[in-house]
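Only one structure is covered here, and it is reproduced in the block below.
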Amino acid sequence: MKLSGATESLRERVIDTGLCTHCGACVNLCPYFISHNDRVVVRDACSKMDGGCLDVCPRMPTDLLEIRRLLFNERDVTPEAGAIKAFYVTRAADEKIRKNAQHGGTVTALIDLALKEGLIDAAILSGAEEPLLPAGVTVTRLDQAGKSSKSRFVVSPNVAAFNELVKGEVASIGIVVTPCQALALAKMRNSHNSRVRENSKKLRLVIGLFCGWAFTSSALKELLAGKIKDVDSIIGMDIPPSRYNSLDVFTKEGKVSISLDEVQKCVRPACHSCSDMTAEFSDISVGSARLPQGWEEARLWNQVIVRTEAGQKLMALAKSKGVLEFRDVPEGSLERLKKASLKKKKAGAENLKTLWAEKTK
C-alpha cells in the first residue's frame, strides 16, 4: 500500500533511514503509528501533509534556538551541555530507594517527592513485563515509583504513554525520559498544532537521563541468549566508566560482564547520529557520578544538572525535606562532563552528515 502525506514523509525520512529512536512521540498522537517490538510501525495511510507527527518527531528538522528561548533562561545556556542553573552530586537519603536504584536513586526520590507534594498527579516511568522490551507505565502512588528504577538500556517509548495519559483527567504529569524524548516533549510545547500545544501544558516535570546510546531489543536478546541461561532472570544492567569497557548484566544468579566491543553491534542505529548526551531539554538531568574514589563509590551517587526554575524549586525542596543527600562536587567534574557532551555532539553531527551523504548518492 502506498502511503501519503505525513505518514509517508515520516516513514521515508525517519523510520526507513534508521533515524527513528522509538521515542514514542508519534504513537497515540496519531492513530496511524503504533509501537511494536521495539520499533514504530506505520499501520495506515494519512492524507494530512502537516500532521502533528512531523511537528514533534525529534529527528525531523528542529529550530533548537527557538526551543531554548522558550524553555530556558538565555544566560544559563552553555554550548556544550545546554542550560545549566546548578550542578550537584546527590543520592536518595532513603537507603531502600538507593538499594533498588540504578545508581544513587536521585530520580526515584525526586519523583516520589513530586507526587507526595502534589506537584504532579502522575508520573510516567519505564517499566516492562518482559525484561528487554520496556514500555511506559504510569504511577500515581509513592510505592510504585521504585519498581521502574533499574535500567535495561533499551528504549522505552515513554512519550507514547504521555500522549495517552493527556487524553484523560490527569491535570499535571511528570515524566522520566531519554534525551530524544525530552526534545520531542519540548517540540510539543512549541508545536504549531494547538491541540498538541494545549496538551503539553499538563507536563509539569521532565527528568532526563544521561544517555550515550541504547540497544535494539532483538539484537541484545540474541547476544545475551549466548551468555545467560535465562534472559528473563535479568534484573538490571550497568555500564561502568569507559576504562572498564564492559556491560555488566545482573541476574538472579549473579553478574555477567560482556565487552563493549561485543555489544556495539546491538546499539540502535539512530543513536549514532544523536548529539545530546545529557538530556538538554529537561528540567533536571541525571546521570551516574564520576568521583576520585573510584567506580564502586561513584556508582552510589548521581550527577545532576538543574536547567529550569521548576527543576531548581524541586531540588531546593528535596534538600529542605532531607529527601536527597548532597556531597561536594569534585573539582573539574562539570568541565569533564561538558567535554564529554561536546564530544558526543560532534560525533553525532558527523555521523548524521555521513548517513545523509550515503542516502542521497
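The values are calculated or read from the model by the stated rules, or taken from the named source; none is laboratory data. Computed from a prediction, not measured in an experiment: that's the story for all the values here. Because the Cβ atoms are built from the backbone with ideal geometry, glycine has one as well, and the counts that use them run over all protein chains shown.
Can you find, within the range 109-131, the residue that is surrounded by the most Cβ atoms within 10 Å (Cβ to Cβ) among those that are closer than 20 Å to Cys23 by Cα and of a type in the set (Gly, Ala, Ser)? Out of the qualifying residues, it is Ala123. Just a yes or no: is a residue in the range 326-340 surrounded by 18 or more Cβ atoms within 10 Å (Cβ to Cβ) and more than 17 Å from Gly82 (Cβ to Cβ)? Taking every residue of the range 326-340 in turn, none turns out to be surrounded by 18 or more Cβ atoms within 10 Å (Cβ to Cβ) and more than 17 Å from Gly82 (Cβ to Cβ). Residue check: is Arg195 in a helix (DSSP H, G or I) and of a type outside the set (A, V, I, L, M, F, W, C)? Here the answer is yes, as Arg195 does meet what is asked.
Condition check: at pLDDT below 90 and of a type in the set (S, T, N, Q). Does Ser126 satisfy that? Against the criterion (at pLDDT below 90 and of a type in the set (S, T, N, Q)), Ser126 does not qualify. Tell me, please, whether a residue that is over 24 Å from Leu205 (Cα atoms), assigned to a helix (DSSP H, G or I) and charged (D, E, K, R) can be found in the range 12-35. Within the range 12-35 (the criterion being over 24 Å from Leu205 (Cα atoms), assigned to a helix (DSSP H, G or I) and charged (D, E, K, R)), the answer is yes, since at least one residue qualifies.
Residue under question is Gly254, and the condition is that it be out of contact with any helix residue (DSSP H, G or I) (no Cβ under 6 Å at 6 or more places or on another chain), closer than 23 Å to Val89 by Cα and outside the structural domain of Leu19 (by TED's automatic domain parsing); does it hold?
On the way: out of contact with any helix residue (DSSP H, G or I) (no Cβ under 6 Å at 6 or more places or on another chain): yes; closer than 23 Å to Val89 by Cα: no; outside the structural domain of Leu19 (by TED's automatic domain parsing): yes.
Taking the combined requirement at face value, the residue does not satisfy it.
The set of residues in the range 229-247 being surrounded by fewer than 15 Cβ atoms within 10 Å (Cβ to Cβ) and of a type outside the set (S, T, N, Q) consists of Lys229, Asp230, Asp232, Ile235, Pro241, Arg243, Tyr244. Go through (1) surrounded by fewer than 15 Cβ atoms within 10 Å (Cβ to Cβ); (2) of a type in the set (Asp, Glu); (3) touching a strand residue (DSSP E or B) at 6+ places or on another chain (Cβ under 7 Å) and name the single condition Glu74 misses. Every listed condition holds for Glu74 apart from (3).
Gln181 meets the conditions (1) part of a helix (DSSP H, G or I); (2) farther than 30 Å from Asn245 by Cβ in every case but one. The failed one is (2).
Identify all residues within the range 43-60 that are under 26 Å from the mean Cα position of the chain (by Cα) and farther than 14 Å from Ala25 by Cβ; write none if there are none. Arg43, the sole residue that qualifies. Of the residues in the range 100-108, none is at pLDDT below 95, over 21 Å from the mean Cα position of the chain (by Cα) and either crowded, with 23+ Cβ neighbours inside 10 Å or not hydrophobic (A, V, I, L, M, F, W, C) (or both).
Listed here are the residues, each with its yes/no results for (1) modelled with pLDDT of 95 or more; (2) within 19 Å of the chain's Cα centre (by Cα); (3) charged (D, E, K, R); (4) surrounded by fewer than 24 Cβ atoms within 10 Å (Cβ to Cβ).
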{"residue": "Ser156", "(1), (2), (3), (4)": "no, yes, no, no"}
{"residue": "Ala161", "(1), (2), (3), (4)": "yes, yes, no, no"}
{"residue": "Glu164", "(1), (2), (3), (4)": "yes, yes, yes, yes"}
{"residue": "Ser172", "(1), (2), (3), (4)": "yes, no, no, yes"}
{"residue": "Val177", "(1), (2), (3), (4)": "yes, yes, no, no"}
{"residue": "Ala182", "(1), (2), (3), (4)": "yes, yes, no, no"}
{"residue": "Asn193", "(1), (2), (3), (4)": "no, no, no, yes"}
{"residue": "Ser200", "(1), (2), (3), (4)": "yes, yes, no, yes"}
